[in-house]
Amino acid sequence: MNPYIANTPEDVRLMLEAVGARSIDDLFVDIQPRHAPRSFDLPEGLSEYEVVRHLNDLSLKNMVGPVPFIGGGYYDHYVPAACQALIARGEFYTAYTPYQPECAQGTLQALFEFQSCICALTGMDVANASLYEGGTALYEAMMMALRITGRNRVVIDSGVSPIYRKILKSYTHSLNIEFIETPVLHGQGDRSAINKVLDGATAAVILQNPNFFGAIDDHADIAAKAHACGALLIESVYPVSLGLLKTPAEMGADIVTGEGQSLGLPLNFGGPYLGFIAARKKYIRQMPGRIVGETVDAQGRRCFVNTLQAREQHIRREKATSNICTNVALCATQAAIFMSLVGKEGLKDLAQLNCDKAEFLKSRLAMIKGVEVKRSSPTFNEFTVCLSRSANDVVERMMMRGFAAGFPLGRYYDGMDNYLLIAVTEKRTRAELDGYAKALEEVLRA
Amino acid sequence: MNLIFEQSVAGRRGVKLPVSDVPVKAVLPSRYLRACAAQWPEVSELDVVRHFTRLSQRNFSVDANFYPLGSCTMKYNPKFTEKVAGMSGFADLHPLLPQLKGGEKYAQGALEVLYECERWLCAITGMKAYTMQPLAGAHGELTGIMLMAAYHKAKGNTKKKFVIVPDSAHGTNPASAAVAGYSIISVPSDKRGVMDLEKLKGVLTDEVAGLMMTCPDTHGVFNPQIDEIARLIHSVDGIMYYDGANLNAILGRARPGDLGFDVVHLNLHKTFATPHGGGGPGSGPVGVSGKLEPFLPVSRVMKRSDGVFALNYDYPDSIGYIASFYGAFGIILRAYAYMLILGREGLKQTADHAVLNANYLLHKLKPYYQVAFDRVCMHECLFSASRQLERGVHAIDIAKFLIDRNIHPPTVYFPLTVKEAIMIEPTETESRATLDEFAAAMIEAAALVKSSPDVFHSFPATMPISRPDEVKAAREMKVNFFARPDAR
Amino acid sequence: MEIIEHFLYTKEHEWVSIEDNTGTVGITDYAQQALGDITYVELPGVDKDVEQFEQLLSVESVKSASDIFSPVSGKVIEVNEDLVDDPSILNRYCYDKGWIVRIEISDADETSNLLTADEYRNYLASLDRNDNGESLEE
């Protein structure tokens, strides 16, 4: 018998009697014989142990052993044990959308704290309770800018994640939106190219900091130019880097999005992840998704509710700001726990540690023949090197030496087959960094 | 309860970081640095643990409460799936690994999970192929509508402008179709609760791109004329879209593919028992018939002739990328584990008991509440609080009464087609005893409406808060603890 | 239910008060009561051109968003900015301080399509009758 069904045959008999049906089949009268499945060809169920063993076997076929230096927007940060322990509480993970605020204050307050932490991190006025992931969050930010400006041209820097750029293009394929991709110059957004295409028809300029190559920048000048044309600046950011880096708000950004995986979520082979979006206050009504707001109850006690729901699909249907229904509440709760544990000073230290270790590896690699470290702009915890041979081959050989050496940029950028993107987090030890340098030297010499 | 920020004490730390073991202290140029530190709270680990434990205790959840939220399928979420999702070989796997040259060999286990899960869903729903990428039900809907648009575009059919949606549909249906650029035609339900076939015929032209349907629908009714509807839509080369919100009711009894649907989205967090997480993460895989398969998003997972699983991006007609990677992998993994443990018979039992439980409640409550449509129901039963309203008590008041009984209220005020709707979905995992307790509470509420309707305004009385002022929240828009008063 | 005698009305519960060539537009007492506590008014831009009975703006309450239609054709020449900071004015003073926009009327003849106060009063009475007669399916 199925362990997730409580009714016994005796229960079924009594219930059918109450209902006035002879058999369960009677309850399916509307599904007529002509609707019956042509097949339902599936194996019989296994025991719990058998399933766990099978999936454990499959998990062992995945290579998580090599020391990871792959980033690309998704990083191998340490997740404190308290994070996992707390979100493993059934009261969080088996609840649903807080439709009844009286019995969902836990989720609602955690989401309010998440929103506040995201605002503190980015410097923006308002944030929502999360979106699916960083790429679709950027799409939502772009749509928001189109609605706000009533324009249909978007300027996007090639330093924005190529994965994100592909997402934006897929979604807008059948809509009347003009994309202009501007090149990267010396690792950073090309000002003259951007200025040349910015005009009164531009809805937004989309930039990423640090960009996909790892380079950091200050986009205040581009924000000023965009605003002068009535366009918005959208920034996609990497949360941990904001422990040190200038905030998008300080640069003048209007909408900020990003991937929150680095805020206490495992890599999970691509998901579930955590998209976030924050903006200037005046744009809050154009923001998609759930937003939690503070209020008081009938007796004046502070509490939290889903607010500004009149923007959403369950009320506006086809006139909603977005089709989004839920957020990723559990991931946002996990991030809220992570941000609370790390804290104000911890974030600074964490960011500094990431940066220091990356700088150390950079300086080690710069001494290796066949490695050219790109130094035209400063980087945070990820940087690009140009190798004397194909990055694909180098990565494959490094894998045999126990290192997931980085992500070859040729996968997404034409003509960059020898370029390798290397990420270093706080988890990498001196020994691993030295080992990496030594292995790379051997591979390049061979 | 205090916010975590209000517990902040300068100098406290909640996590111990490694001491730097490299002889480098990076100094970035000051123009790239933030002026002051982010105001994250300064608290100890115990502060955090106690705070979030207490917060969790302010939630109702399936683990602790009966949660008959209609249309949401709040079934029990088996614990072993959490254990599986936490296995290091899955949780620590970087999504870019299989995108390295020859990199599929580093992720064979994960790719096999995706491939096999797709095959199971094909067999369960009668579709030809799936994309596991959509990250929620609404995301699946948008993907499905994009596939519909790609199909018409590939045929050079530029006339297609409208998507038909029944008035009983979830709000995401019209919103998703509108986001993809279509206009909406809403078709009303007839007195039996199903789509009015004559009205459908009245709006059917060759400008109709497709029809979105939940089946059984949000009235808890399986439309026996579904094949006729599919025939009509196909007669104008329209696409039949299946919203899988209610698939739980028909597992093993009917398959959308056999019923004439061309594209379906499933909600793994409903039918396949993955946790709802307080509102996500969900997972909304999309299945298609052969005619829409060429347009599925990339990447797709394939099994090569040598038995190796690989990512394939080589689909020239694909709509492209709809998410960064391969879907909410951790959620897909849980759903796959659930399917493996249930198997063929277990899946069928799921539908049988979900429908039995709903009909049991329908019969128990029918003498006390107005049924919306008096017929056998599927996995959920739909009432109206219209009789109670005569004494000034609304559906929401009954919901608040139930909270005081430690029961999560059913869905209220949805579907929009029924005034004062109360939509109850017990799911198959609840016992007769639990259903009896719930029915007793509902019957007690009905009696209380008759004797003292005024007391309902004071419910819930046992919760930390009661009846928050939503008008104040919407007018004041306090969404950020750190909001500056002069923010614009 | 308050109705102002010399205003003109629509079946969608907007009012217009016309002086010279300018129409001041708002929503009726019936509308504000039906909407409940209004939380936001999405004002149109000044200079916006509208046709009679075309959507002019929308107002939100906690659980609804409603379109407001223009009783007259013309150009928006002024909007009531006070409603942005305090939308409750619409609930409290729908016929005076709660005016929403002023429109420079382009076609004075169209006013014949509007209801007088008496006609609107009768219309509301007919709605009331229908409402009481309406019952649930089955």
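No value in this document is a laboratory result; all are computed from the given coordinates. Not measured: the values here are computed from a predicted model. Cβ atoms come from the backbone with ideal geometry, glycine included; neighbour counts cover every protein chain shown.
Between the helical axis of A:430-445 and the longest alpha-carbon principal axis of chain A there is an angle of about 70 degrees. Restricting attention to the protein assembly as shown, close to 70% of DSSP beta bridges with both partner residues there are antiparallel. Of the three principal axes defined by the Cα atoms of the range A:1-99, the extents in descending order read 63, 36, 28 Å. Here the protein assembly as shown is treated with +1 on each Lys and Arg Cβ and -1 on each Asp and Glu Cβ, and its dipole about the Cα centre works out to around 3640 debye.
Taking a point 7 Å out from the Cα of A:TYR413 in the direction of its Cβ, the residues of the range A:373-396 whose backbone N falls within less than 18 Å of it are A:373-395. Relative to the compact-globule estimate of 2.2 N^0.38 Å, the Cα radius of gyration of the range A:310-446 comes out at 1.44. For the pair A:VAL296 and A:CYS386 in one chain, pulling the backbone fully straight at 0.36 nm per residue adds 26.6 nm over the alpha carbon distance.
Couplings 3J(HN,Hα) of the range C:111-128, computed from phi: 4, 5, 7, 9, 8, 7, 4, 5, 4, 5, 4, 5, 4, 4, 4, 5, 4, 4 Hz, in residue order, whole Hz [Karplus 6.51 cos²θ - 1.76 cosθ + 1.60, θ = phi - 60°; x for Gly and Pro]. Annotation: peptides B:335-344, A:308-317, ranked by per-residue average of other Cβ atoms within 10 Å with the highest first, follow the order B:335-344, A:308-317. At q = 0.04, 0.05, 0.07, 0.10 Å⁻¹ the log10 of I(q)/I(0) for the protein assembly as shown amounts to -0.20, -0.31, -0.63, -1.32, computed by Debye summation with a single uniform scatterer per C-alpha, solvent ignored. For the pair C:GLU119 and A:SER192, label points projected 7 Å from Cα toward Cβ lie 6.7 nm apart.
Take each peptide in B:377-390, C:42-55, B:78-91, count the other Cβ atoms within 10 Å of every residue, and average; sorted highest first, the result is B:377-390, B:78-91, C:42-55.
Three principal axis extents of the range B:143-209 based on alpha-carbon atoms, in descending order, are 39, 24, 14 Å. Under 16 Å Cα to Cα from A:LYS196, which aspartates and glutamates show up? Leave out anything in the same chain fewer than 8 places away. Qualifying aspartates and glutamates at Cα under 16 Å: A:ASP157, A:GLU178, A:GLU181, A:ASP221. In this structure, the amide hydrogen of A:GLY402, modeled 1.01 Å from its nitrogen in the peptide plane, lies closer than 5 angstrom to no residue at least 5 positions away or on a different chain. Taken about its Cα centre, chain A carries a charge dipole of roughly 1100 debye when the Cβ of each Lys and Arg holds +1 and the Cβ of each Asp and Glu holds -1. Calculation over all alpha carbon pairs of the range A:130-255 in 10 angstrom steps from 0 returns a P(r) of 14, 50, 33, 3 percent.
In chain B, helical runs assigned H by DSSP with n ≥ 4 each contribute -39500 (n - 2.57); averaged across all residues and rounded to the nearest 500, the mean residue ellipticity at 222 nm is -10500 deg cm²/dmol.
Looking at chain B alone, DSSP beta bridges between its own residues are antiparallel in about 55 percent of cases. Hull volume per residue, based on the alpha-carbon atoms of chain B and their convex hull, is 212 Å³. First measure r as the distance between the Cβ atoms of A:LEU185 and B:THR462, then evaluate 1/(1 + (r/R0)^6) with R0 = 45 Å and state the FRET efficiency to the nearest 0.05. E(calc), rounded to 0.05, equals 0.10.
The per residue volume of the convex hull around the alpha-carbon atoms of the range B:228-324 is 158 Å³. Quick note on the range B:424-487: its Rg to Rh ratio, both from C-alpha atoms and Rh being the Kirkwood radius, is 1.21. Using every alpha carbon pair in the range A:81-338, what percent of pairs falls into each 5 Å bin from 0 up to the bin containing the largest distance? With a bin width of 5 Å, the distribution comes to 1, 6, 13, 18, 19, 16, 12, 7, 4, 2, 1, 0, 0. Rounded to whole Hz and in sequence order, give me ³J(HN,Hα) for the range A:156-165 from the Karplus expression 6.51 cos²θ - 1.76 cosθ + 1.60, θ = phi - 60°, writing x for Gly and Pro. Values, residue by residue: 10, 7, 5, x, 6, 2, x, 5, 4, 5 Hz. Here the gap between A:LEU14 and A:GLN32, fully extended at 0.36 nm per residue and compared with their Cα-Cα distance, gives a gain of 3.9 nm. Placing a pseudo-label 7 Å from each Cα along the Cα-to-Cβ vector at C:GLU12 and A:GLU345 gives an inter-label distance of 6.0 nm. Kirkwood radius for the range B:350-472, taken over all pairs of different Cα atoms as the inverse mean of 1/r, rounds to 14.8 Å.
Can you tell me how the range B:4-56 classifies by the Cα gyration tensor, rounded, prolate or oblate, using a/c under 1.5 as the rounded cut? Here the range B:4-56 falls in the oblate category. Given chain A reduced to its alpha-carbon atoms as identical point scatterers, what log10 I(q)/I(0) does the Debye formula return at q = 0.06, 0.11, 0.12 Å⁻¹? For the requested q values the scattering log ratios are -0.33, -0.95, -1.08. Backbone amide hydrogens, once placed in the peptide plane, bring C:PHE7 within less than 5 Å of nothing, excluding anything fewer than 5 places away on its chain.
Separation of the alpha carbons by more than 20 angstrom is noted, of B:LYS270/B:LYS348; B:LYS161/B:LYS199; A:LYS319/B:LYS419; A:LYS427/B:LYS25; B:LYS153/B:LYS303; B:LYS160/B:LYS291, for A:LYS319/B:LYS419; B:LYS153/B:LYS303. Scalar couplings 3J(HN,Hα) for the range B:402-411, obtained by applying the Karplus form with A = 6.51, B = -1.76, C = 1.60 to θ = phi - 60°, are 5, 4, 5, 9, 6, 10, 6, x, x, 5 Hz; x denotes Gly and Pro.
About its Cα centre, the dipole of the range B:350-472 is roughly 320 debye, where the only charges are +1 on Lys and Arg Cβ and -1 on Asp and Glu Cβ. By definition, a body whose alpha carbon gyration tensor gives a ≥ b ≥ c is oblate when a/c is 1.5 or more and a/b is not larger than b/c, and chain C fits this oblate description.
Please work out whether the range A:379-446 counts as rounded, prolate or oblate from its C-alpha gyration tensor, where a ≥ b ≥ c are the square roots of the eigenvalues and a/c under 1.5 means rounded, while otherwise a/b larger than b/c means prolate and anything else oblate? It comes out oblate by the Cα gyration axes. Taking the charge dipole of the range B:4-56 about its Cα centre, with +1 at Lys and Arg Cβ atoms and -1 at Asp and Glu Cβ atoms, the residue from B:GLY11, B:VAL49, B:ALA38 reaching farthest to the positive side is B:ALA38.
Close amide H pairs (under 5 Å, H built 1.01 Å from N) link C:LEU56 with C:ILE68, C:PHE69, C:SER70, residues at least 5 positions away or on another chain.
Dividing the convex hull volume of the alpha-carbon atoms in the range B:83-340 by its residue count gives 124 Å³ per residue. Converting the Cα gyration tensor eigenvalues of the range A:1-57 into ellipsoid dimensions via √(5λ) gives semi-axes, longest first, of 31, 20, 6 Å.
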